[in-house]
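Colleague: Before I ask anything, here is the structure I am working with.
The values are calculated or read from the model by the stated rules, or taken from the named source; none is laboratory data. Because the structure is a prediction, the values reported are computed rather than measured. Here the Cβ positions follow ideal geometry from the backbone for every residue, glycine too, while neighbour counts run over all protein chains shown.
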Amino acid sequence: MTTAGIASQISAKAYARRRKQLMRMAGDDAILVLPSANELIRSRDTHYPYRQDSDLWYLTGFPEPEAVLVLVPGRKHGETLLFCRERDLEREGWDGPRFGPEGAVEAFGLDDAYPIADLDDILPGLLEGRSRVYYHFGRDQEFDLKLIGWLNRVRAMVRQGAQPPHEFLELGHLLDEMRLFKDRDELKLMQRAADISVQAHEVAMRAARPGVREYELQAELERVFRMHDAEPAYGSIVGAGANACVLHYRANNGVARDGDLVLIDAGAEFRGYAADITRTFPVSGRFSAPQRALHDLVGAAQAAALAQARPGVAYEAGHNAAVETLTEGLLKLGLLKGKLEKNIADGSYRRYYRHKTGHWLGLDVHDVGEYRIEGESRLLEPGMVFTIEPGLYVSADDTSVDPKWRGIGIRTEDDVLVTKDGYQVLTDKLARSADEIEALMG
């Protein structure tokens, strides 16, 4: 079978362990229902490239649309059931091979699989006798209505002795916590995504020259992704000059002029797992004095945040350390006035630093997992992976600052694993400081 996804590099046994763990957490009287991601129309009869739902991928590695995973803990005739498309040689001639129910059982270590067309007949019987339903309500309105219909069919049989579920729970409460902690297999894939991304950023930096278009640098990045059987984990951001001050810049059609900085925020996705890197570099190969001053300050803020990346420290501590470092530096450079404590307390620093210092990373580039527990910042634990990405952005239109600062946008972002006794930077191979960047470009 050549269907994409079978080479996910995570074994069927590993997926089975995840499913077993999730079912233990849910309990023997529960049922868990996970539909696949929908195919999305790009225009008329063309589709966007298909990307499987991250939760279904995490539990099976199954890559196809029109599928539903149903977990029924303790069921004697099989706990792990998949509903999927049947083999169809005519359609496979157009769209590529399918596993079909029989192939899915063999390839993904499932207990049983059925044609997706049989879901309407079989699922009500699986719901009957279960107390709790775990499901992502609100993600897919059409599937929500189908599930409610199946539940109502069971409720209609109460007088005949049917026992419908009486509790409906958000699946994310269980699954998000599992996904937050990366296992050894996942970390191998994340390191591979990071290594590909590092190489892509290096190629883009070396391709930079005055007059280059942002989309030319984007093409260099994404060529390297595809060369290594990866794809963009998100829309690549390539912002030259003042465009670097737009946090979610998407146009990528500007020109990098002599003296400009270029901010590239881009990462590869490899076998479903994302990397997320940002570097800011001078298109001409040399930082000006104001550019270097701000770049060094962002680097110091990142180092301050990184020092907090260890078990037992509050997740929020990294952001607080970055904010304090940035604010202190902005005061020294004259971009802020007054006392350090007041500038932090009243949020004056947000004029130049509008975002948080990172996010969880994994199957989603902004991965699942709570940042706060019972109102308090959660403590870091081994196996968590997150980004550290402080930045500074001085609007080109800000006439209240010295002209030398205007239009400078800088962000430095790396991917960080919390280890047993500290941290590991997955993206550490990429030049980070101003000196390292100049040496790479030189």
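Colleague: Among the residues of region 252-270, are any among the aromatic types (Phe, Trp, Tyr) and over 24 Å from residue 196 (Cα atoms)?
Modeller: no
Colleague: How do the pairs read when you match residues in region 290-302 that are under 15 Å from residue 261 (Cα atoms) and modelled with pLDDT of 95 or more with residues anywhere that are surrounded by fewer than 23 Cβ atoms within 10 Å (Cβ to Cβ) and aliphatic (A, V, I, L, M), using Cβ under 6 Å and keeping only pairs 6 or more apart or on different chains?
Modeller: So the pair list comes out as 292/434; 295/434.
Colleague: Could you check, for region 83-98, whether at least one of its residues is in contact with a strand residue (DSSP E or B) (Cβ under 6 Å, 6 or more places away or on another chain) and farther than 19 Å from residue 150 by Cβ?
Modeller: yes
Colleague: Within region 154-174, which residues are part of a helix (DSSP H, G or I) and within 28 Å of the chain's Cα centre (by Cα)?
Modeller: Listed by number, the residues that qualify are 172, 173, 174.
Colleague: Only one of these conditions is not met by residue 138: (1) part of a helix (DSSP H, G or I); (2) free of Cβ contacts under 8 Å to residues at least 12 places away in the same chain. Which number is it?
Modeller: That leaves (1) as the condition not met.
Colleague: Determine, yes or no, whether residue 151 is of a type in the set (A, V, I, L, M), more than 30 Å from residue 230 (Cβ to Cβ), touching a helix residue (DSSP H, G or I) at 6+ places or on another chain (Cβ under 7 Å) and in a helix (DSSP H, G or I).
Modeller: Yes.
Colleague: Having 1 or more residues that are basic (Lys, Arg) is the bar; report the helices (runs of 4 or more DSSP H) wholly within region 33-118 that clear it. Talk me through it step by step, then tell me what you get.
Modeller: Details: elements: 54-60, 89-95, 100-108.
Passing ranges, in order: 89-95.
Colleague: So, one more: When you go through 204, 244 one by one, which is the residue that is under 29 Å from residue 385 (Cα atoms), out of contact with any Ser or Thr (no Cβ under 8 Å at 6 or more places or on another chain), in contact (Cβ under 8 Å) with a residue 24 or more places away in the chain and not in a loop (DSSP other than H, G, I, E, B)?
Modeller: Numbers: 244 fails: out of contact with any Ser or Thr (no Cβ under 8 Å at 6 or more places or on another chain).
Selected residue: 204, the only one of 204, 244 that is under 29 Å from residue 385 (Cα atoms), out of contact with any Ser or Thr (no Cβ under 8 Å at 6 or more places or on another chain), in contact (Cβ under 8 Å) with a residue 24 or more places away in the chain and not in a loop (DSSP other than H, G, I, E, B).
Colleague: Right, next: Applying the selection to region 261-287, what residues are in contact with a Pro (Cβ under 8 Å, 6 or more places away or on another chain), farther than 17 Å from residue 219 by Cα and buried (at least 24 other Cβ atoms within 10 Å of the Cβ)?
Modeller: Correct list: 261 only.
Colleague: Please state which of the following conditions residue 201 fails to meet, knowing it meets all the rest: (1) on the phi > 0 side of the Ramachandran plot; (2) surrounded by 13 or more Cβ atoms within 10 Å (Cβ to Cβ).
Modeller: Of the numbered conditions (1) on the phi > 0 side of the Ramachandran plot; (2) surrounded by 13 or more Cβ atoms within 10 Å (Cβ to Cβ), the odd one out for residue 201 is (1).
Colleague: So in region 173-192, with the set limited to residues that are out of contact with any Leu (no Cβ under 8 Å at 6 or more places or on another chain) and more than 14 Å from residue 10 (Cβ to Cβ), which one is surrounded by the most Cβ atoms within 10 Å (Cβ to Cβ)?
Modeller: Within region 173-192, the match that is surrounded by the most Cβ atoms within 10 Å (Cβ to Cβ) is 180.
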